[in-house]
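Since the structure comes first, as structure tokens, the remarks are kept for the end.
The values are calculated or read from the model by the stated rules, or taken from the named source; none is laboratory data. Just so it is clear, the model here is predicted, and its values are computed rather than measured. Heads up, the Cβs are rebuilt from the backbone with ideal geometry, glycines too, and the neighbour counts pull from every protein chain shown. Side chains included, ligands, DNA and RNA excluded: accessible areas come from the protein's heavy atoms. Shrake-Rupley method; radii C 1.70, N 1.55, O 1.52, S 1.80 Å.
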Amino acid sequence: MKYSLLILLIGLFSCSQPSQETAQSSAPPNFIIFIADDLSFDDFGCTGNPYVKTPNIDQLAKQGINFSNFYLTASSCSPSRNSIITGRYPHNTGAPELHQTPPDFMQSFPELLKVNGYYTGQSGKFHMGPYARRGFDIINEKRSDTGDGGEELWVKTIQERPKDKPFMMWFAAFDAHRAWGPNEFSGTHHPDSIVAPFYLDEGFETREDLGKYYDEIKRFDHYIGEVVAELKQQGAYENTFIIVMADNGRPFPHSKTRVNDRGMKSPFIVHWPERITGEQASESLVSAIDIAPTLLSLAGVTPTEQFQGKSFDPLLSNPDQPFRNYVFAEHNWHDYEAHERMVRSKDFMYIKNSRPNLPQMGPADAVGSPSNAALRARQKNGTLTAIQADIYVTPRPHEELFDCSYDPLQLKNIASVPEVADDLSEMRDILEEWITATSDNVPDSLTTSWYTYDPGYVKTESHSVRGETPGESLNATKNNNPGPF
């Protein structure tokens with residue numbers, strides 16, 4: 001009798017053990033990517049900006065991992081987004097230039113999640129191409145005429161999802177892309193409370209420009225908070241893997257389209273209560289092409305050979321461990337002719353510029369910005385600092401090397417310093433290895449500039465004429481080689 005009672009108690013005890021924690025851990029994770037439009041690494045409070053107000057994002061960082069060395073593959077909207085969603089370098093997607101679309105045979109990671117039982121949704125800015133639409137059960141591209149940031153349907157998309165499936169959401173804001181109009185957070189960041197970064201003019205015109213930019217970031221942050229609140233209301237918060245990031249640098253001179261940290265380094269906050277507890281930081285190098293294989297692996301879906309990145313899942317448990325040895329990035333046509341390639345290691349950043357005859361003034365919206373007008377005024381009266389003047393310099397160096405261990409802002413080009421000749425040679429060789437392995441090249445007839453370097457979108461004679469894109473003649477879209485890791 002005692003023996004039977006013991007067996008019964010053991011059985012009851014065993015049945016009671018698959019608690020909510022066990023049930024959650026066995027369920028496939030949900031995914032949300034919040035992606036801002038035109039935003040640099042240091043434009044959240046949690047990434048070091050003391051002027052912008054981002055309480056919801058900062059809270060996610062306090063309970064997640066804040067990556068300080070996450071790099072995009074392009075500081076240009078559609079090339080960057082296509083790279084993220086396919087897990088491929090821009091020239092390997094077939095769409096390395098702005099406003100191009102990859103071929104239909106390309107796959108996105110949401111498509112693979114969708115065919116493996118996930119409900120997939122997109123809301124906000126799309127800008128990727130027809131192939132990517134196959135990956136989503138629902139697409140909400142609506143943006144009203146009042147200048148909203150496209151975030152208003154995010155909560156509705158979460159509410160109306162089927163509750164019997166895991167989900168993946170691509171929530172893409174139009175914020176903080178120029179032009180900026182009034183919104184419900186206008187005036188949150190007053191010019192008198194802002195200090196401009198060292199590479200911009202410090203006058204009122206620039207600080208007012210930054211204030212309007214920060215107001216749009218505030219709106220992005222607000223709607224992230226709304227979605228998080230809805231997840232908690234639904235009981236889906238604990239098992240939802242959240243990423244907060246951007247597609248390219250801020251739309252100011254010295255940032256967007258540049259291949260240095262001001263253009264290519266994105267904020268990258270990873271939040272997943274079920275796996276990540278407490279505030280953590282990672283200095284490991286991670287590339288945007290690593291997002292797709294990571295999410296697929298966490299969902300139990302084997303990435304196909306198309307994906308050139310690798311899963312950074314190990315960093316979720318141990319953020320301090322090394323991951324990549326190198327990250328790579330490229331700058332192709334975006335309003336202006338360009339061809340630059342960059343490789344970053346733990347200590348060094350090397351840049352190769354195949355168009356050193358052209359200035360680095362940024363895209364046309366940065367050229368036409370009040371912040372650039374302020375710099376132009378200083379240029380005329382001869383008061384620009386050396387770093388402020390950098391965007392106007394021609395010819396530029398064909399090669400640049402920066403020691404990021406003591407020059408994290410990449411201000412001093414040491415490519416001609418004899419003491420680092422071996423480091424220069426090593427970085428040069430690594431970049432050439434990547435170029436060859438991934439079928440990259442410099443076409444003779446690149447797409448030329450569609451605008452002059454004057455404000456106001458002044459068109460050139462070559463406007464709307466496309467040249468040959470990098471990798472096109474080498475069939476780079478069929479090459480899955482990732483190059484050095």
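Okay, here's what the table says:
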| quantity | calculated |
| --- | --- |
| Options Pro130, Pro96; residue that is touching a residue at least 24 places away in the same chain (Cβ under 8 Å), closer than 25 Å to Ala74 by Cβ and over 17 Å from the mean Cα position of the chain (by Cα) | Pro130 |
| Of residues in segment 137-154 being more than 26 Å from Phe41 (Cα to Cα) and in contact with a helix residue (DSSP H, G or I) (Cβ under 8 Å, 6 or more places away or on another chain), the one most open to solvent (accessible area, probe 1.4 Å) | Asp137 |
| Among the residues listed as Tyr213, Tyr131, Tyr199, the single one being within 18 Å of Phe34 (Cβ to Cβ) and of a type outside the set (D, E, K, R) | Tyr213 |
| Test: Arg324 is surrounded by fewer than 24 Cβ atoms within 10 Å (Cβ to Cβ), under 30 Å from Leu446 (Cα atoms) and not small (Gly, Ala, Ser) | no |
| Filtered residue count, segment 114-128, keeping only those that are open to solvent by less than 30 Å² (accessible area, probe 1.4 Å) and not hydroxyl-bearing (Ser, Thr, Tyr) | 6 |
| Matching entry among Ala281, Ala229, Ala246 (being open to solvent by 30 Å² or more (accessible area, probe 1.4 Å), under 17 Å from Cys46 (Cβ atoms) and among the hydrophobic types (A, V, I, L, M, F, W, C)) | Ala281 |
| Helices (runs of 4 or more DSSP H) lying entirely in segment 23-114 (those with 1 or more residues that are in contact with a Leu (Cβ under 7 Å, 6 or more places away or on another chain)) | 77-86 |
| Residue match in segment 174-185 (condition: open to solvent by 40 Å² or more (accessible area, probe 1.4 Å) and of a type in the set (Gly, Ala, Ser)) | yes |
| Filtered residues of segment 449-485 (kept if open to solvent by less than 50 Å² (accessible area, probe 1.4 Å) and of a type in the set (Val, Ile, Thr)) | Thr452, Thr460, Thr469, Thr477 |
| Pairs with Cβ under 8 Å, 6+ apart, first in segment 41-54 and within 15 Å of Pro197 (Cβ to Cβ), second aromatic (Phe, Trp, Tyr) and open to solvent by 30 Å² or more (accessible area, probe 1.4 Å) | Thr47/Phe41 |
| Which listed residue is at pLDDT below 95 and not hydrophobic (A, V, I, L, M, F, W, C), from Pro482, Pro455 | Pro455 |
| Unique residue being touching a Lys or Arg at 6+ places or on another chain (Cβ under 6 Å), open to solvent by less than 60 Å² (accessible area, probe 1.4 Å) and not hydroxyl-bearing (Ser, Thr, Tyr) when the list is Ile194, Ile217 | Ile194 |
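Per-residue answers, yes or no, for (1) more than 16 Å from the chain's Cα centre (by Cα); (2) of a type in the set (A, V, I, L, M, F, W, C):
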| position | (1), (2) |
| --- | --- |
| Glu238 | yes, no |
| Pro253 | yes, no |
| Asn260 | no, no |
| Gly263 | no, no |
| Phe268 | no, yes |
| Gly278 | yes, no |
| Pro293 | no, no |
| Phe307 | yes, yes |
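Residue-wise test of (1) exposed (fewer than 12 other Cβ atoms within 10 Å of the Cβ); (2) closer than 19 Å to Thr188 by Cβ; (3) modelled with pLDDT under 95; (4) small (Gly, Ala, Ser).
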{"residue": "Ile7", "(1), (2), (3), (4)": "yes, no, yes, no"}
{"residue": "Gln20", "(1), (2), (3), (4)": "yes, no, yes, no"}
{"residue": "Pro28", "(1), (2), (3), (4)": "no, no, no, no"}
{"residue": "Asp42", "(1), (2), (3), (4)": "no, yes, no, no"}
